[in-house]
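Read the structure below first, then the notes.
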Amino acid sequence: MTKFLHQRQQQQKPLVDAFPLSPRSSSFNYVFHNRTSSLFGRSGLLLLLLLSLILLLCVFMPWIRPIAPFLSSSSSPSALSHWRDYTLAQAAAFVGGKNRTIIVCAVSQPYLPFLQNWLISIARQKHQDEVLVIAEDYATLYTVNQKWPGHAVLIPPVPDAQTAHKFGSQGFFNFTSRRPRHLLDILKLGYNVMYNDVDMVWLADPFPYLEGHHDVYFTDDMAVVKPFNHPHNLPQPGKKGRTYICSCMIFLRPTDGAKAVLMKWIKELQLQPWSKKSRSNDQPAFNWALNKTADQVDMYLLPQVAFPSGGLYFKNETWVKETQGKHVIIHNNYITGFEKKIRRFRDFGLWLVEEYAHESPLGRI
């Protein structure tokens, strides 16, 4: 091929310049032509490839830096030490770098089986790479990052989460009340964020249901059946003067409106601390925050048929049959107790851990 090209070059007649240059200029042009030609020769091609590589490194270095420690063994002492210093900003850049969207859950060690179950269902919808686990203890941080490097981060201070806290307990309140701060920090980094409790199962991809460009998307926690074409604005307050929106499935965009809701939620939690008398959790404060910011925030109620509460899905067999094939995320609420939740999932064919653990990014743990 090289010989052929050489012959073609020899056969070509030189072009006649209508405006001949001086001998000195002609000499310069000859040298310049030869040097330019050599630039695109073999050495020039190598130089071009080297420049392209440098450019690629400059573009992708911000995404490489957070995962550099993964090159060593994730269970080595140095790697474990690194995960203690792994920041939310690093984790968000690693997980949300593709489309600026992060799927977040908060988990302590006792709930790792539920994390597994939730992850399997998300992997089936091809969204597992966007998941960030906010570990509420070091055991969870190390377990997840050893199996799935970079997908767990711990945000100090570490709460007491060595046992599965009962709904209504102070431990449960302390655990859930950290949620709005985590979400606000992610929004401030410029990412969209979807929050899920891990006692949920995805049956379909929820993202097509996030219509429009609203600030906050949420689900109604009521078990009363709504019309299929129900309004998508914030429902009317109930008997307690507030709505009954679930704080366990939320999608937020990094807008001023979404940040205003989260800041109000944090303030409401400070105004309504846990006590033995109230035994509250974070959800009433979330609803007060929604109610008090409704006139300044663009809110969207997701369709009940796709995002039913546990009180509807698990207790209204007729409705489930009538709406079969339309369900997207199922929430195993309206029941308390670790074992009771697992048993209910099993009864409805939604406990995936035992048979499909290989589908989880964590494998078997």
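The table below lists the values:
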{"item": "Residue-wise HN-Hα coupling along the stretch 134-144, computed from phi with Karplus coefficients 6.51, -1.76, 1.60 (Hz; x: Gly, Pro)", "result": "8, 6, 9, 7, 5, 4, 5, 4, 6, 4, 5"}
{"item": "Amide hydrogen neighbours beyond the local backbone of Ala152, cut-off 5 Å, H modeled", "result": "Val133"}
{"item": "Radius 13 Å from Cβ of Met249, net charge of other residues (Lys, Arg +1; Asp, Glu -1)", "result": "-3"}
{"item": "Distance in nm between pseudo-label sites at Met263 and Ala89 (7 Å out along the Cβ direction from Cα)", "result": "2.0"}
{"item": "Gain on full stretching of the segment that runs from Val224 to Gln324 - 0.36 nm per residue minus C-alpha separation", "result": "34.3 nm"}
{"item": "For the stretch 189-195, Karplus couplings with θ = phi - 60° (6.51, -1.76, 1.60), whole Hz, Gly/Pro x", "result": "7, x, 9, 6, 9, 10, 9"}
{"item": "Cβ-derived FRET efficiency at R0 35 Å, His213 paired with Lys315, nearest 0.05", "result": "0.50"}
{"item": "Charge tally in the Cβ shell below 14 Å around Gln146, where Lys, Arg are +1 and Asp, Glu are -1, Gln146 excluded", "result": "+3"}
{"item": "Tyr356 versus Asp185: modelled label distance in nm, points set 7 Å from Cα along the beta carbon direction", "result": "3.2"}
{"item": "Anisotropy class of the stretch 224-365 from Cα gyration tensor, a/c 1.5 cut", "result": "prolate"}
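Just so you know, all these numbers are worked out from the coordinates, no wet-lab data involved. Given the structure is predicted, the values throughout are model-derived calculations rather than measurements. So basically every Cβ, Gly included, is an ideal-geometry build from the backbone, and we count neighbours across all protein chains shown.
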